[in-house]
Amino acid sequence: MRIRGALGSRRYLGIAIASFVAWTACWWALAASGWVDPLFLPGPLAVLRRAYRWTVDGDLLVDARISILRVTAGFLLSALMAVPLGLLIGAYRPVRAFCEPLLEFARYLPAVAFVPMVLLWVGIGEGSKIALIWIGTFFQMVIMISEDVARVPLPQIEAARTLGAADSEVLLRVLLRSALPAILDTLRITLGWAWTYLVVAELVAANSGLGYAILKAQRFLQTDKIFVGIIVIGMIGLGTDQLLRAAHRALFPWAASRT
Amino acid sequence: MSAAKLVIRGLSKRFAVPQGSFTALADVSFEIAAGEFVALVGASGCGKSTLLRLIAGLESPSGGEVLLDDRPVRGPGRDRAMVFQDYSLYPWLNVAENVAFSGSLRANRRRDRARCAERSRLLIELMGLARVAEAYPHTLSGGMRQRVAIARALQNEPDVLLMDEPFGALDAQTREVMHELILHVLASERRTIVFVTHDVEEAVYLSDRIVVLAPGPGRVDSIWPTDQPPALARTQELKQSAAFLNLAGRIRARIRETSGLQSDLAALRRLTGIKSP
């Protein structure tokens with residue numbers, strides 16, 4: 001092992017699988033040893049059994065579906081607003097001067113603290129979950145996208161201008177196009193945060209979804225069900241992350257992706 | 001009316017810095033004739049790149065003006081294409097698409113499409129890019145990337161080609177190849193060229209006239225005609241000729257004199273306690 005040494009994709013996968021197996025084995029051994037009360041730490045088999053029963057007899061898929069829909073809606077709303085605004089902030093200094101103080105302030109506001117206000121403003125319907133995800137992701141997203149746009153090499157912009165490009169052409173055909181790979185990375189990273197705020201929203205005000213199911217399981221001390229909920233959210237996150245990475249590689253073969 | 005393509009008249013440029021303002025150029029005046037190849041050289045901080053950017057319209061002057069065909073330059077325009085040292089190609093476009101980029105801009109829509117496509121094809125051929133026309137910039141060497149940048153700039157048929165240390169990031173061998181290529185292109189595409197470089201040999205070899213700028217604040221120190229044979233008659237052997245070496249040596253000495261290096265050496269002697277001879 002050398003600092004920044006090379007690692008083939010096969011060996012990477014091998015080490016990753018070994019790590020997964022090792023952690024699961026530790027978990028299983030700890031649960032099976034009897035040192036820990038199953039109430040605090042249900043074993044892998046108990047969790048698997050619960051996952052099976054929740055899927056077959058219960059509504060795991062329905063809960064997962066509604067949660068995915070909420071995250072998608074809140075995240076898309078954020079992205080649709082953040083990409084154009086981030087582009088303008090990254091392109092025009094006066095727009096940055098106008099928006100940045102407010103954004104820097106807003107992004108440190110704890111989204112969770114907005115729960116009571118959101119309930120007051122939007123009510124307890126679907127709007128409240130989407131609004132909370134929006135509050136949690138939008139401000140960070142705008143700032144990160146404006147940075148992505150600001151990092152487009154100046155010669156790319158100036159070359160376009162000396163070739164006769166109008167402002168709108170520099171904006172859309174150079175700045176946006178050049179920053180797209182970085183913007184996709186930003187969206188991939190903020191999607192993870194959207195899931196965090198979804199669970200918060202569902203814990204507080206919902207009667208469906210994975211977060212709500214976790215809360216309900218807590219009331220009945222079904223710790224195995226809590227584990228299933230957490231693992232399912234983790235797997236959905238891992239899946240979409242891999243999907244977006246694959247899209248990045250397919251769409252932007254010239255650009256390296258952030259990790 | 002003057003016969004000059006470019007007239008630089010009383011040009012000055014100040015930049016705001018934390019300590020107040022920094023004068024990059026002060027009262028610079030000279031003229032460039034149509035079809036002339038002028039090299040700008042000088043010690044670092046002499047404002048040669050700033051001058052080029054003012055001609056391009058990428059910076060606006062603090063005083064004075066740049067006239068192109070007697071009309072003042074107000075901003076960048078398609079009559080003055082620029083070649084940068086690096087990072088100016090569009091990584092999402094392949095070589096052919098990069099070269100053809102200007103043809104898709106609204107400002108150039110009046111140009112005939114068929115003629116544009118034919119010109120792109122010829123430039124790709126001329127610059128030795130035919131084999132890599134479908135390749136993307138990140139797969140190319142630095143030298144090949146600069147060929148694409150030059151082809152893209154020429155594609156738009158600019159009146160003036162501005163080059164900001166275009167070969168500064170290339171190794172010596174690649175640079176020699178690029179010199180031959182530039183002279184070759186010049187023979188078939190006569191354009192007015194303003195070329196910034198820190199390599200005096202390069203300037204003497206390529207240009208018709210060399211403008212030496214002095215730093216602190218940037219100003220014209222001296223102007224040297226190179227009296228070179230026509231572009232295609234120049235060969236690498238020329239670089240070994242006495243006249244060539246003599247001119248390059250004199251220009252380098254002149255740049256050294258303007259750079260304040262003498263006082264630096266005096267300070268160094270004091271520092272190391274060595275008595276000057």
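Data for the structure
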quantity	calculated
Identity of the residue in segment A:145-163, in contact with a helix residue (DSSP H, G or I) (Cβ under 7 Å, 6 or more places away or on another chain) and crowded, with 21+ Cβ neighbours inside 10 Å, that ends up farthest from the other protein chains (Cβ to nearest Cβ)	A:SER146
Condition check for B:HIS198: surrounded by fewer than 19 Cβ atoms within 10 Å (Cβ to Cβ), under 11 Å from the mean Cα position of the chain (by Cα), in contact (Cβ under 8 Å) with a residue 24 or more places away in the chain and under 25 Å from A:THR162 (Cα atoms)	yes
Pick from segment B:161-172, criterion aliphatic (A, V, I, L, M) and surrounded by fewer than 23 Cβ atoms within 10 Å (Cβ to Cβ), ranking: nearest to the other protein chains (Cβ to nearest Cβ)	B:ALA169
Residues (more than 24 Å from B:MET178 (Cα to Cα), within 14 Å of another protein chain (Cβ to nearest Cβ) and of a type in the set (Lys, Arg)) located in segment B:103-133	B:ARG106, B:ARG109, B:ARG110, B:ARG111
So A:TRP35, is it aromatic (Phe, Trp, Tyr) and modelled with pLDDT of 90 or more	no
Single residue of B:ALA243, B:ALA267 found to be more than 24 Å from the chain's Cα centre (by Cα) and aliphatic (A, V, I, L, M)	B:ALA267
Selection from segment B:48-57 of residues that are more than 7 Å from every other protein chain (Cβ to nearest Cβ) and touching a residue at least 24 places away in the same chain (Cβ under 8 Å)	B:LYS48, B:SER49, B:THR50, B:LEU51, B:LEU52, B:ARG53, B:LEU54, B:ILE55
Matching entry among A:ILE133, A:ILE145 (being closer than 25 Å to A:ALA255 by Cα and in a helix (DSSP H, G or I))	A:ILE145
Number of positions in segment B:84-95 that are buried (at least 21 other Cβ atoms within 10 Å of the Cβ) and more than 7 Å from every other protein chain (Cβ to nearest Cβ)	2
Residue list for segment A:45-95, filter: closer than 16 Å to A:ILE233 by Cα and charged (D, E, K, R)	A:ARG50, A:ASP59, A:ASP63, A:ARG65, A:ARG70
Top-ranked residue of segment B:134-154 - restricted to ones that are more than 8 Å from every other protein chain (Cβ to nearest Cβ) and among the basic types (Lys, Arg), ranked as surrounded by the fewest Cβ atoms within 10 Å (Cβ to Cβ)	B:ARG145
Set A:GLY192, A:GLY237: member being away from chain B (no Cβ under 14 Å), surrounded by fewer than 18 Cβ atoms within 10 Å (Cβ to Cβ), in a helix (DSSP H, G or I) and in contact with a Phe, Trp or Tyr (Cβ under 6 Å, 6 or more places away or on another chain)	A:GLY237
Residue list for segment B:58-74, restricted to those being more than 8 Å from chain A (Cβ to nearest Cβ) and not in a strand (DSSP E or B)	B:GLU59, B:SER60, B:PRO61, B:SER62, B:ASP69, B:ASP70, B:VAL73, B:ARG74
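Here is a yes/no grid of residues against (1) of a type in the set (S, T, N, Q); (2) within 18 Å of A:TRP193 (Cα to Cα):
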{"position": "A:ARG49", "(1), (2)": "no, no"}
{"position": "A:ARG53", "(1), (2)": "no, no"}
{"position": "A:LEU69", "(1), (2)": "no, yes"}
{"position": "A:GLY74", "(1), (2)": "no, yes"}
{"position": "A:SER78", "(1), (2)": "yes, yes"}
{"position": "A:LEU87", "(1), (2)": "no, no"}
{"position": "A:ALA91", "(1), (2)": "no, no"}
{"position": "A:PRO94", "(1), (2)": "no, no"}
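The values are calculated or read from the model by the stated rules, or taken from the named source; none is laboratory data. Keep in mind the model is a prediction, meaning the values are calculated, not measured. All Cβ positions, even for glycine, are placed from backbone atoms using ideal geometry, and neighbour counts span all protein chains on display.
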